[in-house]
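Shown next, in structure tokens, is the structure this report addresses.
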Amino acid sequence: MIAALDALREEVECCSGCVLASSRTRVVFGEGDPHADLMFVGEAPGYHEDQQGRPFVGQAGRLLEQLLASIGMTREQVYIANVLKSRPPNNRDPRPEEIEACRPYLFRQIAIIKPKVICTLGNFATKLLSGDQTGITKVHGKPRATEIAGHPLYLYPIFHPAAALYTPAMLTTLKEDIARLPQLLAHAAPAPGEEAAGPPAAERPAWRPPEHLRRYEAPATTVDAAAPTLGDAARPSPEPDRPTADSGAEPDQPSAISGAAPDPSPVSSSPDPPPAPESPAEPEQLGLF
Ligand code: URA
């Protein structure tokens, strides 16, 4: 798995599949635990990410780390990637042809990592991975069973942390949505003991969201790496994708997230992480969705 990711990284680092190859400083492939159950997918690298070659290292990244801390997790325990691996100049919106050029890389990352839950941050990642044009304002906080590149998982759309930095109401919602993640992960995880008792992972059938959960969700969709899902997907929708109340997207200029911006520190420092249930609870007990 690690070798497969490394090989893919090398490939992406040489990519010249779109115009962004000529303006980027560094490719931002993604990073984290290659065995993670939880993956985050953002929009595109910003100034700091482009400089360092790492995802979410600016203010939005600090907020993401605080949000993770609020559920007792660290960024090292998850995998973090973006729709685009190269920074659009001046942090403009990703263009359809750029998303299309980068899309196979993201799908291959997902096929290698096989996360149980993908948290899509903002509109671009949500629309691309759901294959659905419904905006983040409508779908945030609602898990959706789906299949990506043949791998069954939950998509869990939430607002983009960069947008929440400047919109208190969005931040409140983002914190509420993040607080439900441990229960979603517990549902998605194998029951205690299953790992030890069952056959080796490679011989087990692929994990699927439990049947009893699906009735609580939007209809499952299948998004195939090879399928032409983009089409309209990346076209500007009536709903703006950038730093508006709906977006969940990165502010426009690096300066907006550097010195002049207010310190995010909006996430209370250390609420107790919700206890992980011993065994997957019934949805009624969770009261989640
Ligand atoms: N915003 C993103 O969408 N991705 C990053 O890596 C940083 C900010």
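The values are calculated or read from the model by the stated rules, or taken from the named source; none is laboratory data. Because the structure is predicted, anything quoted here is derived from the model rather than measured. Backbone-built Cβ (ideal geometry, glycine too); neighbour counts: all protein chains shown. Only protein heavy atoms, including side chains, enter the accessible area calculation; ligands, DNA and RNA are left aside. Shrake-Rupley method; radii C 1.70, N 1.55, O 1.52, S 1.80 Å.
Would you confirm whether any residue within segment 137-146 is open to solvent by 30 Å² or more (accessible area, probe 1.4 Å) and among the small types (Gly, Ala, Ser)? Within segment 137-146, not a single residue is open to solvent by 30 Å² or more (accessible area, probe 1.4 Å) and among the small types (Gly, Ala, Ser). In segment 24-37, is there at least one residue being open to solvent by less than 40 Å² (accessible area, probe 1.4 Å), without any contact (Cβ under 8 Å) to a residue 60 or more places away in the chain, within 23 Å of Ile2 (Cβ to Cβ) and within 8 Å of the ligand (Cβ to nearest atom)? Yes, because at least one residue in segment 24-37 is open to solvent by less than 40 Å² (accessible area, probe 1.4 Å), without any contact (Cβ under 8 Å) to a residue 60 or more places away in the chain, within 23 Å of Ile2 (Cβ to Cβ) and within 8 Å of the ligand (Cβ to nearest atom). Scanning segment 103-122 finds one or more residues that are within 11 Å of the ligand (Cβ to nearest atom) and at negative phi. Restricting segment 66-94 to residues that are closer than 19 Å to His35 by Cα and part of a helix (DSSP H, G or I), which is nearest to the ligand (Cβ to nearest atom)? Within segment 66-94, the match that is nearest to the ligand (Cβ to nearest atom) is Arg75. Residues in segment 38-60 that are closer than 23 Å to Lys116 by Cβ and within 15 Å of the ligand (Cβ to nearest atom): 7 in all. Taken over segment 1-48, the criterion of being within 17 Å of Asp93 (Cβ to Cβ) and not in a loop (DSSP other than H, G, I, E, B) is satisfied by Leu20, Ser23, Val41, Gly42, Tyr47.
May I ask you to list the residues in segment 104-135 that are open to solvent by less than 10 Å² (accessible area, probe 1.4 Å) and either of a type in the set (D, E, K, R) or modelled with pLDDT under 95 (or both)? Passing the criteria: only Lys127.
Criterion applied to Val78, Val57 was being free of Cβ contacts under 8 Å to residues at least 24 places away in the same chain and crowded, with 16+ Cβ neighbours inside 10 Å, and the one residue passing it is Val57.
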